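> I have a structure I would like to understand better, so I am pasting it below and will then ask my questions one at a time.
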Amino acid sequence: MAAFMRRLGVASKAGGRSAASLASLVSTQAAAGAARPAILAPQQGISWSFAELEQRAAVAAGALAARGVARGSTVVTDLPNSADNLLLQVACSRLGAAVATAKDEAALNELQKVTDLRLAVTHPGSEASNPALAQYSLKESPHVVEAWGGSSVEVRDAAAAMPREKVSVVWFKATDLRTHDHEPLSLAHAAGLPVLHLYVLDPRWFKSTPLAGFPRTGPRRALFQLEALADLSKRLEAAGHKLCVRRAVSTARAFEELCDDFEVAACYACREVCPEELRLEQKVQEVLKAKRAGELQLCWTYELHHYDDLPAEVRRKGASGFSGYRRCFSERVQVRDPLPRVDLAKSSPVHWTRAEGLPSSVTDLGLAAPAPEPDDRAEVSWVGGETAALTRLEEYFFESNDIALQFVGATNFPHDGHSSTVAKSQSKLSPWLAHGCLSARYLYAELKRYERERRQTDCTARMVHELYFRDFVRFSALLKGSKIFKLEGIYGRHPPGGWLQEDELLAPWCHGRTGFPFLDASMRELEATGSCCHAGREVAAWFLVCDLGIDWRLGAEWFESTLIDYEPASNWFNWAFTCVPRATGGNSIQEEAKPLRPPRTRLQTLEAIYWAAQQDPDGEYIKLWVPELRGLTGDLAREPWKATSQEPEEAPRVGSAPEEWPPALAKERERIGWARRTFPAGGSQVAVWWGCVREGAAASAAPSGTIERRLDPDDGREYTLEGLKEKYRGQYKLEEVRVYWKNTCEPLEAKTDPADGKAYTLAELHVRYRQQYTRQEIAEYFKSSCAPVKEKKGGSASVPRKKPATGWPEGYPLPLLPPASFFSIEEIAEHSRRGQARKAAKAARLEKELGGGSRVAGYAAPRSEPGKEKEPKPKQGPRRWAKAAPRDS
Ligand SMILES: Cc1cc2nc3c(=O)[nH]c(=O)nc-3n(C[C@H](O)[C@H](O)[C@H](O)COP(=O)(O)OP(=O)(O)OC[C@H]3O[C@@H](n4cnc5c(N)ncnc54)[C@H](O)[C@@H]3O)c2cc1C
């Protein structure tokens, strides 16, 4: 050995130590002189050059790797100090594995206590002198003898020799991290075998998103997951069990190892609904089959309703939209009771030598940054785990009565004074529900108990509605398959102008710097805390697809990365079902508010101003998250363009339908319908601040230069060629549409009408003169009498640019596109204030009746007088939901 090391040049270094691996030293020597002698053992007849040693080591390493030796493995040997031993050392060094020498039984027993020894490399018959080696057996009978170096060696396999313990396995995923109402856990513990609880931190979930390259699991959610796993592990340990965590291996590999080490009688897990998760389940099933292990049994643990209880036709085809599912759930399916708690202590625990501890930080999962500290503006700062989930549930329901007094519900239409930006109005249970720390059936059972023991209110009924929506999302995602991840979405459509691929406007959107306060507040809250209310998510998503025209998947990837309550079906289905169709069509509710102009023309997402007025009339929520606006009165904080020198102009009306008169304020549903139709169309009730726009943003990114739009005389609307093909699909051949586009449809040129000196496209001129002249006359007038203006229609400059506005709040970014609003928007805000005050009074009455200690927070916010704006209410410090669960069924 000493001579060999000298030849390697190691001994000449200080202290005879080298940082380089043995294998790399051999390679270096082989490269320097392939024929130079490496190992000389005349009594064995060996004289190997470095080249030969390297080649033999490669073959030996291949043989070891085929038996599962890899980086971090340890191979035991009792080979003497010989050429065979040296070859083994070099081969293991190539693989990054260690070699441990155990000359006798005692040494081997000691080694086994500290190291997981997978393979033994010995000379044939050596178990006679080292009986402990008898537990390592040859893989095949009668002998597998490797032609090694000077002599023959046996490669013996520990796993094949040792009797494997028969176990049931519970495979936990990121969506079922709890011990209550957990069918896989119940089944595994009822099987009468020792139970192994497995969690795989598969690197696939910590990679980057495919399009934008965001971390798939951002640091905040990664921390929540680790906390949830720590809590689960603690609960299992309290019953004498262990959570066996595997890190940095794929799920399939972890199952291969599991089957090598145990006789897996059956594996129980929660059933998933999205394609990637289903493929993973399939892979695990294949591994179990290949290893002749028991089956993977999947259970519906996530949803409120059991899939098997749905009517067959709903399982096969779904129901018609949410309303169809709601009817089905309320009329035809009974919610099952949560399962009784399992007595975990009854089953024997299993020790798996390969199990690792949980990472101490999210950076150990490959994330570049650690999880940020909780933001003290957050109403709730979430701590992962069942314990914190049950605590929050108990507090929100029984301790405070907030569920009956304050709850609004994520998807509730914002009317009757409901606002989801007000403290206590949201349960904020979604991160725990998404990670399965709280079972939906347990939540439902607690809700029913609350209603029995305390009071049923319209608020408690709304929670049922939300849980129904959650199931609608999961069951629909299962049926839609990969469509919810595709650019064309579930309706197979694109916007008429196609998607804009350039994404320089994505960053301001992600970080809440668009210049639209309600949207920015939501996105800043999302980034700072991992969550924002449902309305904020919708507004941000509509703005991305309709006003920026950006590939919606980039936005969905940002949500995937940042949401602490991310769950694939919930995120991607909400985007594909609720948000994308507004720009592409396919969903009649959304189509009502579809943009009528190309993206980046002017604000067309109505809710950015309408919901701001309804949900946050005094701008308190906005000011909390957008400090640049704190010095403004509530109305100006919602719409800072009103604080500038700019005078708004009436938005040119698009479309041929006459303008509608707004319904009475009290008729809120009709009013929103009117607003949805009117806001994108423009007209006398819609105001635009053309000069309040960030320099270069909308103009440079405007799509008019890249995607040509023309006017179809058939309906007087603007189309791209692709949009036109879509319109006439099934009626005309593609070639016919192309010719029609080229010869008949007018390019969208803006021209100055000599009658008033303003710029109009032909479409706009049609609207202007449709009462007086025929289409043909208008077209002729446009052609002959109107003079061309420089800028093309379709960009931000559809109306000539105004002088830049002054008086914009310092530090807050100017809008990415010209803002718009209703001239009468303050009526909405005032109506909402009154509604909120009524709701607060009702809650106070109810609270008295209930006699509980609930704090009726938020709804009574008095109307602030302009110029005497209060500072936003000081929020209580962030609440970390980490108390011990008071009621743990
Ligand atoms: C674009 C977009 C992406 C979204 N992504 C997610 C996501 O990844 N994970 C997620 O849990 N929710 C998602 N939502 C839905 C919704 O915004 C959140 O569930 C809600 O804000 C959570 O607040 P809460 O717990 O106070 O809800 P509550 O009003 O208390 O509702 C109770 C529970 O019902 C479920 N729920 C309610 N509405 C929905 C819905 N529309 N879709 C699915 N579940 C719902 C949630 O589990 C929620 O915790 C998304 C919505 C949009 C518009």
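The values are calculated or read from the model by the stated rules, or taken from the named source; none is laboratory data. What you see is a predicted model, and the numbers here were worked out from it, not measured in a lab. Here the Cβ is made from the backbone with ideal geometry for all residues, glycine too, and neighbour counts use every protein chain on show. When the accessible area is computed, the model is the full protein with side chains, heavy atoms only, and any ligands, DNA or RNA have been set aside. Shrake-Rupley method; radii C 1.70, N 1.55, O 1.52, S 1.80 Å.
> Working carefully through the options Asp231, Asp260, find the one that is modelled with pLDDT under 95, assigned to a helix (DSSP H, G or I) and touching a helix residue (DSSP H, G or I) at 6+ places or on another chain (Cβ under 9 Å).
Asp260
> Regarding region 481-502, can at least one residue be identified that is open to solvent by 30 Å² or more (accessible area, probe 1.4 Å), more than 21 Å from Gly585 (Cβ to Cβ), away from the ligand (no atom under 13 Å from the Cβ) and assigned to a loop (DSSP other than H, G, I, E, B)?
yes
> May I ask you to list the residues in region 571-586 that are near the ligand (Cβ under 10 Å from one of its atoms) and crowded, with 21+ Cβ neighbours inside 10 Å?
Asn571, Trp572, Phe573, Asn574, Trp575, Ala576, Phe577, Cys579, Val580
> What's the number of the only condition in (1) away from the ligand (no atom under 12 Å from the Cβ); (2) open to solvent by 30 Å² or more (accessible area, probe 1.4 Å) that Thr411 fails to meet?
So the condition that Thr411 fails would be (1).
> Could I ask something else about it? Output the residues belonging to region 732-775 that are aromatic (Phe, Trp, Tyr), open to solvent by less than 70 Å² (accessible area, probe 1.4 Å) and not in a strand (DSSP E or B).
Tyr740, Trp741, Tyr769
> State yes or no: is Arg67 of a type in the set (Lys, Arg) and under 18 Å from Leu133 (Cβ atoms)?
yes
> Okay, next question. Taking into account only those residues within region 555-568 that are open to solvent by 10 Å² or more (accessible area, probe 1.4 Å) and touching a Leu at 6+ places or on another chain (Cβ under 9 Å), which is nearest to Leu367 (Cα to Cα)?
Thr562
> Across region 422-444, which residue is farthest from Gln614 (Cα to Cα) among those that are within 10 Å of the ligand (Cβ to nearest atom) and open to solvent by 10 Å² or more (accessible area, probe 1.4 Å)?
Applying the filter and picking the extreme gives Leu433.
> Here are Glu127, Glu146: which of them is in a strand (DSSP E or B), modelled with pLDDT under 95 and open to solvent by 10 Å² or more (accessible area, probe 1.4 Å)?
Within the list Glu127, Glu146, the selection yields Glu146.
> Can you name every one of the helices (runs of 4 or more DSSP H) wholly within region 410-480 that holds 2 or more residues which are in contact with a Pro (Cβ under 6 Å, 6 or more places away or on another chain)?
440-453
> Taking only region 533-560 into account, find how many residues are assigned to a helix (DSSP H, G or I) and within 11 Å of the ligand (Cβ to nearest atom).
Residues meeting the conditions: 17.
> Of the conditions (1) open to solvent by 40 Å² or more (accessible area, probe 1.4 Å); (2) part of a helix (DSSP H, G or I); (3) modelled with pLDDT of 80 or more; (4) over 17 Å from Ser151 (Cβ atoms), Met5 satisfies every one except a single condition; which number is it?
Failing condition for Met5: (3).
Residue by residue, here is whether (1) of a type in the set (D, E, K, R); (2) surrounded by fewer than 23 Cβ atoms within 10 Å (Cβ to Cβ) holds:
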site: Glu504; (1), (2): yes, yes
site: Phe516; (1), (2): no, no
site: Glu525; (1), (2): yes, no
site: Gly530; (1), (2): no, no
site: His534; (1), (2): no, yes
site: Arg537; (1), (2): yes, no
site: Ala540; (1), (2): no, no
site: Val545; (1), (2): no, no
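> Right, here's the next one. Would region 377-391 turn up any residue that is away from the ligand (no atom under 16 Å from the Cβ) and closer than 20 Å to Ile622 by Cα?
yes
> Okay, next question. Within region 834-845, which residues are among the basic types (Lys, Arg) and either surrounded by fewer than 19 Cβ atoms within 10 Å (Cβ to Cβ) or touching a strand residue (DSSP E or B) at 6+ places or on another chain (Cβ under 6 Å) (or both)?
Arg834, Arg838, Lys842, Arg845
> Considering only region 178-219, state which residues are buried (at least 23 other Cβ atoms within 10 Å of the Cβ) and of a type in the set (Lys, Arg).
Of everything in region 178-219, just one residue is buried (at least 23 other Cβ atoms within 10 Å of the Cβ) and of a type in the set (Lys, Arg), namely Arg178.
> Go through region 587-605 and give me each residue that's assigned to a loop (DSSP other than H, G, I, E, B), surrounded by fewer than 24 Cβ atoms within 10 Å (Cβ to Cβ) and within 16 Å of the ligand (Cβ to nearest atom).
Asn587, Ala593
> Please determine whether any residue of region 36-49 is over 30 Å from Glu110 (Cβ atoms), assigned to a loop (DSSP other than H, G, I, E, B) and out of contact with any Cys (no Cβ under 7 Å at 6 or more places or on another chain).
Scanning region 36-49 turns up at least one residue that is over 30 Å from Glu110 (Cβ atoms), assigned to a loop (DSSP other than H, G, I, E, B) and out of contact with any Cys (no Cβ under 7 Å at 6 or more places or on another chain).
> Restricting to region 220-238, count the residues that are buried (at least 23 other Cβ atoms within 10 Å of the Cβ) and either farther than 17 Å from Pro431 by Cβ or free of Cβ contacts under 8 Å to residues at least 60 places away in the same chain (or both).
So the count comes out to 0.
> Just to verify a result, which residue in region 245-257, among those that are of a type in the set (Gly, Ala, Ser) and in a helix (DSSP H, G or I), is least open to solvent (accessible area, probe 1.4 Å)?
Only one residue tops the list, namely Ala254.
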